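Step one of this worksheet: look at the structure below.
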Amino acid sequence: MKKLYWTICIAIILTLGMNIEKAQASEPAQRTIGLHDKVLPIEQTRVVDGDTKVPFEEISKYLYLTVTEENGKMHIEKRDNHMIVDFAKNTTTTNGVERSGTPFMEIDGKMYISVKEIAYSMGFQIDYFRHLHTIRIYRDDYPHMDRVTYERKIADVKNNRKHATSPSDKVTVYLTFDDGPNKFTLMNNNTLEKYKVPATFFFLGNQMQQNASIVKTIHDSGHYIGSHSMTHDKNLVYQSTESFIAEMAEGAELIKQLTGQTAKLVRVPYGSTPHVTSGMKQSLIQHGYKMWDWNVDSNDWRYTDKQADQIVHNVKEGVNKAIQSGDRTIVILLHDRSQTTIALPAIIQWLQNQGYSFKTYNPNEHISHNFHKEPLL
């Protein structure tokens, strides 16, 4: 569906954009594009008159832009920022300010856009690392590395790409399952045992109360169990700092009662951004908890059993992008659901064939992995 959407979208641009400039001479340069703390796997960069341009379709996905067409105009939106491109009139309006020309350029039959143009128009800032041929897009209100730290990361990523003997070089995968325990937890556990793969489960308190034997089975199988709150109810969990820490702590206490394990790793419902406040983070730290999000989202909850192949595709695509961005610790978000039990064998087989190693969470070797980039969590 997404591929069809973009095919139509680009067709509109090519059909209406008779005045769009075609690049007469573009340099296929090895420019690296960063986003916050990531290094994006965009390879088809071009430089025209000193300006770095990237495929519009790719950068739109990474920036989570909303792109629509209406009456021959392209609308590009993110939060309060709105760009309107009128291809017939060859004009562009950004947040109500009109200027001549369009930000698009056709290169080799594909639509490109200036990194600087789309970033500033959508409310981002730009960092230039000229000696590393890198441009970073970032927002001041979103957690990101300082310039010096990010510069070191770029150098490390480029060095890893240069010297890695294979894509799997030193890559560790953590399979994580949310929303159990339930009957699908046992099915997933059977698959993990078959392939001799450890995992990490984040259980809900109200589910544990009804499925105590499953909690014990998962623990006895050698997997780590963390708290995913008691209710998973957004209105209850995030009502206040007190309600938040109570939900997470009660879940952890249940795990300890049922398994004897002290559970200090939590995964908050719906991810930590934007729901977890500064006060909630401090409360977690004060109570000795760690918090994990993910860097590969299977989106398994969106699909039916018949669409399990799409879950496998999402994991493959997400892992490849994460590795190309320089990640060597891959945390995959899955759920204890029917469609996931169908997809799981293919996911594990693919990861094993790629040569990745699997681990369960080890509190003695904690790796900070949260959207807030909070090292104490």
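The values are calculated or read from the model by the stated rules, or taken from the named source; none is laboratory data. The structure presented is a predicted model; accordingly, all values stated were derived computationally and were not measured. Using ideal geometry, Cβ is built from the backbone for each residue, glycine included, and neighbour counts are taken over all protein chains shown.
Going through region 219-236 one residue at a time, which ones are under 23 Å from the mean Cα position of the chain (by Cα) and surrounded by fewer than 23 Cβ atoms within 10 Å (Cβ to Cβ)? Break it down into steps so the answer makes sense when it comes.
Let us first name the residues in region 219-236 that are under 23 Å from the mean Cα position of the chain (by Cα), namely 224-229, 232-234.
Scanning region 219-236 gives Y224, H232, D233, K234.
I'd like the full set of residues that are surrounded by 21 or more Cβ atoms within 10 Å (Cβ to Cβ) and either among the polar types (S, T, N, Q) or farther than 19 Å from D178 by Cα (or both), limited to region 342-355. Passing the criteria: only L351. All of D140, D127 fail the test of being part of a loop (DSSP other than H, G, I, E, B), of a type in the set (D, E, K, R), more than 23 Å from I330 (Cβ to Cβ) and at pLDDT 85 or above, apart from D140.
If you go through region 340-360 and pick out every residue that is in contact with a Ser or Thr (Cβ under 6 Å, 6 or more places away or on another chain) and farther than 14 Å from L192 by Cβ, you end up with 4.
Just a yes or no: is a residue in region 72-81 of a type in the set (D, E) and modelled with pLDDT under 90?
No, the conditions are met nowhere in region 72-81.
Taking the listed residues P375, P345, the one that is without any contact (Cβ under 8 Å) to a residue 24 or more places away in the chain and farther than 16 Å from V296 by Cα is P375, with no other qualifying. May I ask you to verify whether M208 is at pLDDT 95 or above, under 24 Å from the mean Cα position of the chain (by Cα), assigned by TED's automatic domain parsing to the domain that holds K359 and crowded, with 21+ Cβ neighbours inside 10 Å? So M208 fails the test. Quick one: would you say T329 is surrounded by 18 or more Cβ atoms within 10 Å (Cβ to Cβ) and in contact (Cβ under 8 Å) with a residue 40 or more places away in the chain? In short, no. Filtering region 260-283 to residues that are over 18 Å from N364 (Cα atoms) and either β-branched (V, I, T) or more than 20 Å from the chain's Cα centre (by Cα) (or both) leaves V268, T273, V276, T277, S278, G279, M280, K281, Q282, S283.
Just the residues that are surrounded by fewer than 23 Cβ atoms within 10 Å (Cβ to Cβ), modelled with pLDDT of 95 or more and of a type outside the set (A, V, I, L, M), please, taken from region 245-261. Listed by number, the residues that qualify are E250, E253, K256, Q257, T259, G260.
Test V266 against the criterion of being surrounded by 15 or more Cβ atoms within 10 Å (Cβ to Cβ), under 24 Å from Y142 (Cβ atoms) and in contact with a helix residue (DSSP H, G or I) (Cβ under 6 Å, 6 or more places away or on another chain), and give yes or no. Considered against the rule, which asks whether it is surrounded by 15 or more Cβ atoms within 10 Å (Cβ to Cβ), under 24 Å from Y142 (Cβ atoms) and in contact with a helix residue (DSSP H, G or I) (Cβ under 6 Å, 6 or more places away or on another chain), V266 comes out as yes.
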